[in-house]
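One structure is given here, and the rest of the page talks about it.
Every read-out reported here was derived from the displayed coordinates using simple, explicitly stated rules and does not represent laboratory data. The structure displayed is predicted, hence computed values, not measured ones. Neighbour counts are summed over all protein chains in view; Cβ atoms, including those assigned to glycine, are modelled from backbone coordinates with ideal geometry.
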Amino acid sequence: MPSEQELIAQRLDKRERLLAQGDAYPARVARTHTTAEAVATYEAFEVERGGPEAAAEAIAALAESSDPFHRLGVTIVGRVTAQRVMGKAAFLDLRDVSGRIQLHFRRDALPDFGNLDLVDLGDFLEVSGTLFRTRTGEVTVSVVSWRVITKAVRPMPDAYHGLTDVETRYRQRYLDLIANERSREIAFQRARIVSAVRRFFLDREFVEVETPVLQEEAGGAAARPFITHHNELNRDLFMRISLELHLKRLLVGGFEKVFEIGRVFRNEGVSFRHNPEFTLLESYEAYADYNDVARMVEELLASVATSVLGTPEVQHGDHVVSLRAPFARITYRDALMQHGGIDYKDYPTTETLAALAQQRHVAFAPGASWATILDALVSEYVEPKLIQPTFLMDYPTALSPLAKKKIDDPDTVERFELFALGFEIANAYSELNDPVDQRERMEEQARKAAAGDEEAEMMDVDFLTALEHGMPPAGGLGIGIDRLVSLITGEHSLREVILFPALRERATTDTIHEDREPTEDGGA
RNA sequence: GGGCCUGUAGCUCAAUUGGCAGAGCAGUGGGCUUUUAACCCAUCGGUUCAGGGUUCGAGUCCCUGCGGGCCCA
């Protein structure tokens, strides 16, 4: 009978029996210690008493007095992750966010010992008791009183084998987090990385802002947007694909250092290296150029990795990636010459470049622009070679409609991308602030869009108006936070560093709708 | 978009050339007062992803679809 439905029915029955005795879902608990604090408390007591044996003797000697263990008394809460029951005694493992502690229940000390029958793996308990160390050396709570504070009615994944089914790990991430230590680590590391990035910018007196997700034009990057609809305005809006154009408006408005960490949305493929929504950091600093930005990025990555990992070196399979400054720098053109033997200036037209790509068997979409084909060549020959962090400097103007041209070479812009492990990590420019040049380049993008290029950038007239009011020279930066987390944690797949990655639709997980109980409508 | 792999109990995994769908954990009942992957005895549990086909007989072979993974673009 223990099909999944039967396992659930058994637990629902236990829930009812607990509710008949009181509450199985109290709103308040009285935690005094996390599990880690409780263990530390006992270890400190041992040090104070001169060792584990002396501590145990002290406890034994005091056992008859009225309030023997006030210093060792704890109330802890957490989830039951293991049960070892032996008739008249039981050991349970309780886990909270700080760690794990063992509980010892004794029938002769607990009138409600029998209620342990109603406890399953996955339930949450509140227990009060005193700390001691078992014969086998584990700090343990000798339970004086306890209660269920949440009854779980579905079975947990296997406590020992964990949860390995990748699909379940992604679709029901909470189970992955319960079962797999590594998944918890990654999630917390990600949080530390984002905090460290934010602190880095705040320490440098950047101002953090929030700009619109819903936009009339989705600009600032070459990507297909999601389209949504505003009913009241009766018009379609775009989900943002970058943060760039609004942050630059703030430079026009007088901000000098500004940044945003925000979700952007790109209507593209779903894979281990692409998620349709991802977290982007962008920063803009007036009176800085892309060389200043490059130096800042070196400091940023080294300091974030060091604060999270304790070292700027990250193990990735066979590679050790060193995020110690300075990073290698090579120009885009030199890199393609060095790794592909191609000087793109020898192929100035779409036709000649397309012929070359075909001859080299480098695929590109039919009707692709010169810039797109060039990018395909760089993706093929250069990017996979860039394992250690490397700045690829000075991009072709045609690829970079928002970057400032080099003064002595209008075909090239002051732009770099940072690569590591063959991944693009960062993208930065000396920002284009000449409104006439910017308008011409946007018009060029508009022509490509009209010709069918779905990734051409949209014309943003309001942004151009802002630029015409004057934007100071500035260095701008974009960093894909998910890829940065992937780089620093050593995880290859973005799906490991995104808690809830996008997946194809699947039949929804059924919830419990038994007519065994009338539903009670809770007001919000 | 292409290639390869994959889907079996709540979880982790078996199942010989096509021959009665199994084990461990979890659950249930019993025993056990310092265990820790607790242990011992007993026991329950299956739309083998879905649909079709071949066959006396399909988890296994074939086709289609769905989900997932890896590699390539």
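Subtracting the Cα-Cα distance of A:Arg324 and A:Ala56 from 0.36 nm times their residue separation leaves 91.6 nm of extension gain. Net length available on complete extension from A:Phe188 to A:Glu6 is 62.0 nm, with 0.36 nm assigned per residue and the Cα-Cα distance removed. Each residue, A:Asp292 and A:Ala89, gets one label point 7 Å from its Cα in the Cβ direction; the gap between the two is 6.9 nm. Residues whose amide H falls under 5 Å from that of A:Glu313, counting only those 5 or more places apart or on a different chain, are A:Leu323, with hydrogens built in the peptide plane.
If I take R0 = 30 Å and measure r between the Cβ atoms of A:Glu181 and A:Arg135 in this structure, what FRET efficiency does the formula 1/(1 + (r/R0)^6) give, to the nearest 0.05? Before the final figure, lay out each step's value.
On the way: r = 27 Å, r/R0 = 0.89.
Rounded to the nearest 0.05, the efficiency is 0.65.
Modelled spin labels at A:Thr352 and A:Gln388, positioned 7 Å past Cα toward Cβ, are 3.5 nm from each other. In nm, give the distance between the simple-model label positions of A:His161 and A:His361, each being 7 Å from the Cα along the Cα-to-Cβ direction. In this crude spin-label approximation the distance works out to 4.3 nm.
Distance cut-off 23 Å, Cα to Cα: go down the list A:Lys257/A:Lys448; A:Lys404/A:Lys448; A:Lys345/A:Lys448; A:Lys345/A:Lys406 and report the pairs above it. Mind showing how you got there, number by number?
Working: A:Lys257/A:Lys448 33 Å; A:Lys404/A:Lys448 20 Å; A:Lys345/A:Lys448 21 Å; A:Lys345/A:Lys406 16 Å.
A:Lys257/A:Lys448, as the Cα separations exceed 23 Å there.
On the basis of the beta-carbon distance and an R0 of 35 Å, A:Ala450 and A:Ile407 show a calculated FRET efficiency of 0.65.
Can you tell me the FRET efficiency between A:Arg107 and A:His492 if r is taken as the Cβ-Cβ distance and R0 is 56 Å, rounded to the nearest 0.05? Efficiency, rounded to the nearest 0.05: 0.65. Candidates A:Val293, A:His104, A:Phe265 compared by Cα position along the dipole of chain A: farthest toward the positive end lies A:His104, with charges placed on Cβ.
Counted over all Cα-Cα pairs of chain A, pairs farther apart than 28 Å make up 66 percent.
Computed on segment A:334-467, the Cα convex hull volume stands at 114 Å³ per residue.
Computed on segment A:264-331, with alpha-carbon pairs under 8 angstrom and 6+ residues apart, the relative contact order is 20 percent. Simple rule: put +1 on each Lys or Arg Cβ and -1 on each Asp or Glu Cβ in chain A, find the dipole, and look at A:Gln358, A:Val139, A:Ala446; the Cα lying farthest toward the positive end is A:Val139.
For a test of the definition: using alpha carbon positions, the gyration tensor, and the 1.5 limit on a/c, classify segment A:346-414 as rounded, prolate or oblate. Verdict is oblate for segment A:346-414. Annotation: for a label point projected 7 angstrom from Cα along Cα→Cβ of A:Leu19, residues of segment A:114-152 with backbone N closer than 20 Å are A:115-126, A:147-152. Once the Cα-Cα distance is subtracted from the 0.36 nm per residue extended length, the A:Ala502 to A:Asn267 segment shows a gain of 83.4 nm.
Couplings 3J(HN,Hα) of segment A:247-264, computed from phi: 5, 5, 4, 5, 5, 4, x, x, 4, 10, 9, 9, 8, 9, 10, x, 7, 10 Hz, in residue order, whole Hz [Karplus 6.51 cos²θ - 1.76 cosθ + 1.60, θ = phi - 60°; x for Gly and Pro].
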